[in-house]
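Notes follow the structure.
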Amino acid sequence: MAKYSSKINKIRTFALSLVFVGFIIMYVGIFFRSSVLLMSVFMLLGVLSIMLSTAVYFWIGMLSTKAVKVICPNCEKPTKVLGRVDMCMHCREPLTLDKNLEGKEFDESYNRKSVRQALKQK
Ligand SMILES: [Zn+2]
């Protein structure tokens, strides 16, 4: 399979970059102090960008509640699976909740009791 990172992590990175873009736009606006209109436009765009990132963060929160918490069979850390196929946030192990997509070997390790019990002790 092609390389891809955990969906939630991707969206989180996007939201974070929006905050930075917003601040950069507002910073650029300072250079246009001579024009009130231009500066207002830059400030407005910056604020919009930051507001959008807040919305995206909110969206991540909504997605996180939908995501299924699982224990990664590879690194034994808790991670979240979003949708049918997602990736472990820690070790990038591909994880799936769809039985049709699951390989038998994968299924067995996924349900290994020893893995889950080992984590509970931590
Ligand atoms: Zn993992």
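Numbers below:
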read-out	value
Scan of segment 61-97 for residues that are part of a loop (DSSP other than H, G, I, E, B) and over 14 Å from Asn9 (Cβ atoms), ordered by number	Pro73, Asn74, Cys75, Glu76, Arg84, Leu97
Every pair of residues 6+ apart whose Cβ atoms lie under 8 Å, when the first sits in segment 12-40 and is closer than 9 Å to Ile50 by Cα while the second is acidic (Asp, Glu) and modelled with pLDDT under 95	none
Test: residue in segment 38-54 that is hydrophobic (A, V, I, L, M, F, W, C) and loosely packed, with under 12 Cβ neighbours inside 10 Å	no
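The values are calculated or read from the model by the stated rules, or taken from the named source; none is laboratory data. What you are looking at is a predicted structure, and each value in this text was computed from that prediction instead of being measured. FYI the Cβ positions are ideal-geometry reconstructions off the backbone, even for glycines, and counts take in every protein chain you see.
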